[in-house]
Amino acid sequence: MARTATTASAVVLLAAASLTSAFGAQARETKSLREVKTPRSEKSLHGETTLTAAPLATWQTDGIVWSVEYARGVVYVGGTFGRVRPPGAKPGRKEVARKNFAAFDAVTGKLLPCAHSFTGSAGTVRALKASRDGKVLYVGGSFGRVDHTGVASAVALNTADCSLRRDFRPAVAAPVRAIETTGTTVYLGGDFTVVDGRERKRVAAFSRGGVLLPFKADVDEPVRALLAAPDRDQVLVGGTFHNVNGRPAQALVSLNPTTGSTVKSFPGWLPERSAVTSLTRNGNRFYLGAEGEGTGIFDGRIAGRLSDGTMVWKDTCLGATQDVLVYKDVLYSASHAHYCGLTRGGFPDGPRRHFLAQSTRDKTILHWFPDTDDGIGEGVGPRTLVMAGGILWAGGEFTMVNGKHQQGLTRFGAGPGDTAPEAAPRLTGERARTGKVKLTWRATWDRDDAELTYLIYRDGVLVASPKRRSVEWDRPTMTYTDSVPAASHHRYTIAVTDGRRTTPRSKPLDVTG
């Protein structure tokens, strides 16, 4: 599903304020270097600028977040949870009841009173999608009641007052996992084979008022992602399927948006045991995220052209991708990638890395490495992303973000804050020859700045500031040779800065020149 939105204008900020009203109401070094530039966020060698990797204060859930969506100044969250709690609060503290659905101010992150209870059946919200004008929020999942109203796994809310609409209440006989909208049509995808008493195999289309449309396709396994491109006269469908409309279509197919007939399949794009989990668009390009099981599977991301269905690039990362979105020429993904060694900027096999940023032009992995733990449930970490006013919201199964407790939700902005270098290195040193002291250390790393400056102090006075690029998995050994009077004694320390934040200085090292 397309997951981008812009709210920089004053009009949208006013809308956010209006909605809020409607719903109720380590030490930093103080001394800096002139020669060190102060960045707002990391700029890649390509020129793309990523968000910072420092999470903003965000409310938490006591369970899994499956979907997040933005509309008119509000971020909506759906999943399998019963309560939410403020930033920093421990489980069981300061909790507020929210049954599988919650709403937050997109700018401040404040919890809003919009609070419907989605229960019955499996009692979970799996998909959220706003109408193109932001006036309606479509909700899908596996639920039989909204508050006290009987429903069947799909409803719609008015975003102006959070009220449940009467017109869009289709009877969906199995879970809804994906929703997409155009100006006139709402598409649902999931596990179902019957909608409103009529056969609709895993994908269906409705008018905005909830009338089932003739659109019909035969998809043999569940649908997990939808992307409508009415200007290209097609709807992209992704999932775990192998055949569509009686012909092979492995995990991805393009359908006619009116009839449901096949426009294009994508042979060779995905192996048999891989599935498409997410779809997003940027102009004529679309991007997908995938996951698979077993050997010879595909877990990464692919870029293609809507105009002709050709592939632009395909990465080779292993570790399932759960969601993708594009923001300012950067493809952000929620995944648990553990090997990207054959993709430029990538890493060798090792720990799972739960967020990635890539250049949309050529798949290069950019230096942006916030992280979570695997968390609860299936243990895949983040599952869903949405961009709201320049802030990236992420939800999922995690209980930690950048090594600190934070459950279910987190968000990242463009600045001015960023993460600090991880720690000052440990210095070792020796007299290289008379009057020369050689200092050696291993480079440290930073989650959102590749190039770091190392501040070397002799007897408390800054004497050098070499720079070096590094990543967590490649931290080179660095050296500096200092000239001092023969047989003189000196105390050295080192600190590291990214231009905005600086580590405390290291333990002192005494050396005789």
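The values are calculated or read from the model by the stated rules, or taken from the named source; none is laboratory data. Predicted model only: the values in this text are computed from it and were never measured. FYI the Cβ positions are ideal-geometry reconstructions off the backbone, even for glycines, and counts take in every protein chain you see. For accessibility, only protein heavy atoms count, side chains too; no ligands or nucleic acids. Shrake-Rupley method; radii C 1.70, N 1.55, O 1.52, S 1.80 Å.
Brief remarks follow.
- Of the residues making up region 448-461, those that are hydrophobic (A, V, I, L, M, F, W, C) and either farther than 30 Å from W368 by Cα or not in a strand (DSSP E or B) (or both) are A450, V461.
- Looking across region 424-447, the residues that are part of a loop (DSSP other than H, G, I, E, B), open to solvent by less than 50 Å² (accessible area, probe 1.4 Å) and under 23 Å from R468 (Cβ atoms) come down to A424, P425, L427, A443, T444, W445, D446, R447.
- Filter result for the condition that a residue is touching a Lys or Arg at 6+ places or on another chain (Cβ under 9 Å) and open to solvent by 50 Å² or more (accessible area, probe 1.4 Å), over L455, L462: L462
- Matching entry among G189, G183, G141, G209 (being of a type outside the set (A, V, I, L, M, F, W, C), farther than 24 Å from H242 by Cβ and not in a loop (DSSP other than H, G, I, E, B)): G141
- Residues that are open to solvent by less than 10 Å² (accessible area, probe 1.4 Å) and not acidic (D, E) number at least 3 in the following strands (runs of 3 or more DSSP E) confined to region 219-314: 223-229, 234-239, 252-255, 274-282, 285-292, 301-305.
- Qualifying residue in region 218-227 (condition: at positive phi and at pLDDT 95 or above): no
- Residue check, L325 within 23 Å of A229 (Cα to Cα), modelled with pLDDT of 95 or more and of a type in the set (A, V, I, L, M, F, W, C): yes
- So F168, is it at pLDDT 95 or above and part of a loop (DSSP other than H, G, I, E, B): yes
- Pairs are defined by a Cβ separation below 9 Å, a sequence spacing of at least 6 or placement on different chains, a first member in region 425-454 that is farther than 21 Å from H367 by Cβ, and a second member that is open to solvent by less than 10 Å² (accessible area, probe 1.4 Å) and charged (D, E, K, R); the pairs so defined are G429/D482; K436/D482; V437/D482; K438/D482; L439/D482.
- Scanning region 472-493 for residues that are assigned to a loop (DSSP other than H, G, I, E, B), loosely packed, with under 13 Cβ neighbours inside 10 Å and under 34 Å from the mean Cα position of the chain (by Cα) yields a single hit, P476.
- Of all residues making up region 86-104, the number that are open to solvent by less than 10 Å² (accessible area, probe 1.4 Å) and at negative phi: 4
- Given (1) of a type in the set (V, I, T); (2) surrounded by fewer than 24 Cβ atoms within 10 Å (Cβ to Cβ); (3) under 22 Å from the mean Cα position of the chain (by Cα), number of the condition T149 does not satisfy: (3)
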